[in-house]
Amino acid sequence: MKTILLINDDGIQSSGLFAIKKKLDRLGEVVVVAPKREVSGVGKAITSSRHVQIEEVELEDKSRAYAIINGTPADSYLLAVNKILKHSPDVVVAGINLGPNLGIDDFLNSGTIGAALEAAIHGVPAVAVSYCKQEISDRKAKSAITLEELLSAAEIGLKIVEHVLSKGMPPDVDLISVNVPEKADCRKLKATELSYVGYGDLFSKEEKGYRIAHWRLDDYSDPDPETDVRAIRNEGYISITPVKVRLPHSKKALKHMLKDVFGDQSATRVM
C-alpha cells in the first residue's frame, strides 16, 4: 500500500486538509501530520528555539492524525519521516491551502509550499494544492470555506497525486504547485511558470502599527501570459506549476570576480 503524507499550514482541523484527505484515502494510507493551529507565512522554517510536541488527535472522519504543537509545516515533514513513519512516504501532499500560492514571494513564504519543499529536498515527490479565493480577510473567512467550495481543488489534486504514485514525477520536476480559482472549470488547466513579480504594498496602517489585514487576488499582477498569476487572475485557469529544486551556480563568473578582487593568486585558492 502506498503511503501519502498529508501536511498543511492552516492547522490540522482545516477544511482544506479534510477535503483532500477524503479523496486521497482511496489511493493508499494517508498519514496526516500538521501544525495543531494555523502557521501561515513561515515558508520552510524549522523550529530551533523551543520544544515542539507530537499529539495524537482525531479528525472529523474519526481517523487518527498527528498534531505538531509549536511547530511548522516543515517540522511536520521532518518529524513525520523520522519519528512517526520512520521511513519516507511515497508522496507528500501539502494543502489544500486556503488562499493562493502564486509567484515567487508566495512560493518562498508559504508554509504549505515549505512542507512540499522540505519533501522535495529529501527526494520525495511533492504536490502542493492551493485554493485561490478572491479575498481572505481573516481566520474567520478561512473557517467559512466549505468542503463543497474545495471540491474542484480536491479533484484536481487527487488526479495529479494518482498519476505521480503510478508513474512518478515528470522528468526534471521535484514539486508541482497547483492553484485552483474559485468556481473552477476542471477542463481549464494550464501549465505555468512562477511569476517573478514580487509583492506590492500589502501593509495597512492601524492603531497599533502596520498589518497585513487581508489577501486579495487583486494585489497580484504580472503581464507575462505564461505565469501562474496571469492564469489565475486574468484567465480563470487552473494553474499547474512544475518546480525543480536546484539553484543555478555561476562558478565561472565568480572566479573572474575573485581574480579581480584578490589578484592572480586567487586562482590557486579557488578551485
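Values quoted throughout were computed directly from the atomic coordinates according to the rules given, and no laboratory measurement underlies them. Fair warning: this is a prediction, and the values are worked out from it, not measured in the lab. Glycine also receives a Cβ, built like all others from the backbone with ideal geometry; neighbour counts cover every protein chain displayed.
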Isotropically averaged projected area of region 4-107, using the convex hull of Cα atoms (one quarter of hull area), nm²
6.5 nm²
On Cα atoms only, tilt of 111-121 relative to the major axis of the chain in degrees
60 degrees
Give me the log10 of I(q) over I(0) for the chain at q = 0.14 Å⁻¹, as the Debye formula computes it from C-alpha points; what are the numbers?
-0.93
With DSSP loop assignment and no more than 11 other C-beta atoms within 10 Å, the GluC sites (Glu not before Pro) in region 179-262 are E207
Contact order normalised by residue count of region 3-269, Cα under 8 Å, 6+ apart, percent
18 percent
Which net charge results when you count Lys and Arg as +1 and Asp and Glu as -1 among the other residues whose beta-carbon is under 11 Å from that of V124?
-3
Calculate how steeply helix 251-262 sits against the longest principal axis of the alpha-carbon atoms of the chain, using the helix alpha-carbon long axis, and give the answer as 0 to 90 degrees to the nearest 10.
50 degrees
May I ask for the angle, rounded to the nearest 10°, between helix 15-24 and the longest principal axis of the chain, with both axes built from Cα atoms and the value confined to 0 to 90°?
90 degrees
How many angstrom lie between the C-alpha centres of region 83-156 and region 3-54?
9 Å
Around L217, with a cut-off of 11 angstrom between Cβ atoms, what is the net charge of the other residues, counting Lys and Arg +1 and Asp and Glu -1?
-1
Yeah, region 55-181 with a ≥ b ≥ c from its alpha-carbon gyration tensor (a/c under 1.5 is rounded, else prolate when a/b outruns b/c, oblate otherwise) is rounded
In region 133-195, which trypsin sites (Lys or Arg not before Pro) are in a loop and have at most 11 other Cβ atoms within 10 Å, using DSSP for the loop call?
K183, R187
In nm, to one decimal, how far is the E155 label point from the S137 one, both placed 7 Å along Cα→Cβ?
3.0 nm
Full-extension gain between S221 and L85, please, as 0.36 nm times their residue separation minus the C-alpha to C-alpha distance.
44.9 nm
Within the chain, longest stretch free of exposed chymotrypsin sites (Phe, Trp or Tyr not before Pro) [DSSP loop, at most 13 other beta carbons within 10 Å]
1-195
Unit charges on C-beta of K, R, D, E only; dipole of the chain, Debye:
700 debye
Expressed in Å to one decimal, the Kirkwood Rh of region 57-126 from all distinct alpha-carbon pairs is 13.0 Å
Taking a temperature of 10 °C and a viscosity of 1.306 mPa s, what whole-number D in µm²/s does Stokes-Einstein yield for region 124-178 with Rh from Kirkwood over alpha carbon pairs?
124 µm²/s
Give me Rg/Rg_expected for region 184-271, where Rg uses Cα atoms only and Rg_expected = 2.2 N^0.38 Å with N residues.
1.79
Taking loop as defined by DSSP and a crowding limit of 10 other beta carbons within 10 Å, which GluC sites (Glu not before Pro) in region 48-150 fit?
E148
For the chain, what does the helix formula give at 222 nm: sum of -39500 (n - 2.57) over DSSP H segments with n ≥ 4, over the residue count, nearest 500 deg cm²/dmol?
-8000 deg cm²/dmol
Pop a pseudo-label 7 angstrom from the Cα along the beta-carbon direction at both Y196 and K251 and give the gap in nm to one decimal.
2.3 nm
